[in-house]
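Scroll down for the structure; my scribbles are underneath it.
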Amino acid sequence: MDDTEFDRNSAPGGAPSRRKLLRCMAWAGAGTLWSVVGGVPTPFSLGTGEAQAAPAGGFAFVQISDSHIGFHGDANPDPNGTLTTALQRIATLPQKPAMIVHTGDVSHLAKPEQFDAAEQLMKTAKLPVHYIPGEHDTLVDDGKPFFARFNPGVKTGGWYSFDQGGVHFVALVNVVGLQAGGLGHLGDEQIEWLEHDLKGRSASTPIVVMAHMPMWSLYPQWGWGTDDADKALAYVKRFGSVTVLNGHIHQVVQKVEGHVTFQTALSTAYPQPTAGQGPGPGPLKVPTEKLAGMLGVREVAVTGHAVHLADTTLGT
Amino acid sequence: MSWNRHRLVGAAAIAAVALGIAAPAPARAEYATHDMSGMDHMAPAPATAAATPVAGPNQVIINNFAFGPTTLTVKAGTTVTWVNKDGDAHTVTGVGAKPLFGSQPLDTGDSFSFTFEKPGSYAYFCKIHPSMKGTVNVQ
């Protein structure tokens, strides 16, 4: 074990190394949350007051991802049930979230009845929901049925932005027009829109970018990346706090690059193998009693310029 | 919390670094625990990766995130059938702006057929997993 390797993931300026964090986790046990503050990942423990203090004066929202409504394989025969559990978990959060962002693969096969079921379940949360499509949602007619239902009013292409709680949110679409052998793709039109969207905004505005596929080359052999992400990210790098929320890979993987923190999320439906384990990124069958521990939701609390992320599994 | 578990988490992180990707960030400690136990099941690959089905003539089997055979050669007028025997959904989508053929999403067990009338080389891929590619050569 080499400290240098783990330090790759630590931001400069005294943030704890991964090794230190892992050591910390080893004794802190179940109370430890993984947290990201202002693009700098830091661990904090429940019960010390820090976790409760973080959201004070700010606002909070929740990210869920990859609900795959309509999936019926062995890896999870009841994705409706696990999405319901996730939404129930959100309903019991101490600080009521202002909204939910769903980072894609709402449905498994973009069928109308799957969209119907997902929409009905999401309504039970009684919270505004912002949807970003996954490639499973755009299988039919380049995603037109998805956009018509979940993003009515959004212009052609499906990308959009909005401001809430002092944060500028950008929802990108990197799952349409995929090419053989390729990765996720944004396209020049969307990147030009992003440049225009961010122009003139203060560099101190916290930015949250949401897209389904990872916005960095996480594992290109399995298509885990976005081929023109760098062109888009060039426009966000001047901001002091940038948080990129992705889905797609059904597990939490993190990367920090300057002020930009990338985080993929757990699925609410089924886990997938870690990169390169097995023949492909298919649904991973785990023993039934372990499934809930590999699914989850992410709380995001924003205080000033600081963005705190905390992942919680459905098994806790 | 045992030394073993700590070592496993470290080993996974090193493996991830060796692959040139960011190390997985465990959420709660339980997640790391479950994740590691999940690794036991990852070693022999997902349950769907059991015996490799053999494709019949003029047939392509989709299994383990691959089209098999990757290249199929047929005579003009032949109907080719793709059968999805994988645990995930896939598509058979011709390459190009206006592809000659393309399936709806194929769930596990679904199949798709297309008759190739004209000689040529027809490349296709899976829209859900673009790294999956195949070719039908029509003589």
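The values are calculated or read from the model by the stated rules, or taken from the named source; none is laboratory data. Please read these numbers as outputs of a predicted model, since none were measured by experiment. No Cβ is skipped: glycine too gets one built from the backbone with ideal geometry, and neighbour counts run over all protein chains shown.
Here is a yes/no grid of residues against (1) buried (at least 19 other Cβ atoms within 10 Å of the Cβ); (2) within 11 Å of chain B (Cβ to nearest Cβ); (3) part of a helix (DSSP H, G or I):
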{"position": "A:Glu189", "(1), (2), (3)": "no, no, yes"}
{"position": "A:Asp197", "(1), (2), (3)": "no, no, yes"}
{"position": "A:Ser202", "(1), (2), (3)": "no, no, no"}
{"position": "A:Ser217", "(1), (2), (3)": "no, yes, no"}
{"position": "A:Lys237", "(1), (2), (3)": "no, no, no"}
{"position": "A:Gly240", "(1), (2), (3)": "no, no, no"}
{"position": "A:Gln263", "(1), (2), (3)": "yes, yes, no"}
{"position": "A:Gln272", "(1), (2), (3)": "yes, yes, no"}
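Residue count for region A:242-255 under the criterion of being within 14 Å of chain B (Cβ to nearest Cβ) and closer than 22 Å to A:Gly166 by Cβ: the result is 3.
The number of residues in region A:171-182 that are under 21 Å from the mean Cα position of the chain (by Cα) and surrounded by fewer than 17 Cβ atoms within 10 Å (Cβ to Cβ) comes to 0. Exactly one residue among A:His250, A:His185, A:His168, A:His212 is touching a residue at least 24 places away in the same chain (Cβ under 8 Å), crowded, with 16+ Cβ neighbours inside 10 Å and over 29 Å from A:Pro273 (Cα atoms), and that residue is A:His168. So, B:Val80, is that one among the β-branched types (Val, Ile, Thr) and either under 25 Å from A:Asp137 (Cβ atoms) or more than 14 Å from chain A (Cβ to nearest Cβ) (or both) or not? Yes: the conditions hold for B:Val80. Among residues of region A:120-141 that are in the same structural domain as A:Tyr160 (by TED's automatic domain parsing), those with a beta-carbon under 8 Å from a residue that is surrounded by fewer than 20 Cβ atoms within 10 Å (Cβ to Cβ) and among the hydroxyl-bearing types (Ser, Thr, Tyr) at least six positions away or on a different chain give the pairs A:Leu121/A:Thr84; A:Thr124/A:Thr84.
A:Gly296 falls short on exactly one of the conditions (1) farther than 30 Å from A:Gln164 by Cβ; (2) at the interface with chain B (Cβ under 10 Å from one of its Cβ atoms), and that condition is (1).
Scanning region B:90-99 for residues that are in a loop (DSSP other than H, G, I, E, B), surrounded by fewer than 24 Cβ atoms within 10 Å (Cβ to Cβ) and more than 9 Å from chain A (Cβ to nearest Cβ) turns up B:Gly96, B:Ala97, B:Lys98, B:Pro99. Put simply, of B:Gly134, B:Gly87 the only residue that is of a type in the set (Gly, Ala, Ser), within 8 Å of chain A (Cβ to nearest Cβ) and either over 21 Å from A:Asn174 (Cα atoms) or touching a Cys at 6+ places or on another chain (Cβ under 7 Å) (or both) is B:Gly87.
In the condition set (1) over 21 Å from A:Gly225 (Cα atoms); (2) in a loop (DSSP other than H, G, I, E, B), B:Gly134 is compliant with all but (2). Please indicate, with yes or no, whether at least one residue in region A:137-147 is in contact with a Leu (Cβ under 8 Å, 6 or more places away or on another chain), over 23 Å from A:Ala86 (Cα atoms) and either among the charged types (D, E, K, R) or at pLDDT below 95 (or both). Yes, region A:137-147 has at least one match.
Annotation note: Cβ proximity below 9 Å between a residue of region B:59-74 that is away from chain A (no Cβ under 13 Å) and a residue that is aromatic (Phe, Trp, Tyr) and in a strand (DSSP E or B) (sequence gap 6+ or interchain) occurs for B:Gln59/B:Trp82; B:Val60/B:Phe67; B:Val60/B:Trp82; B:Ile61/B:Phe67; B:Ile61/B:Trp82; B:Val74/B:Phe116. Screening A:Gln277 on (1) in a loop (DSSP other than H, G, I, E, B); (2) more than 7 Å from chain B (Cβ to nearest Cβ) shows it passes everything except condition (2).
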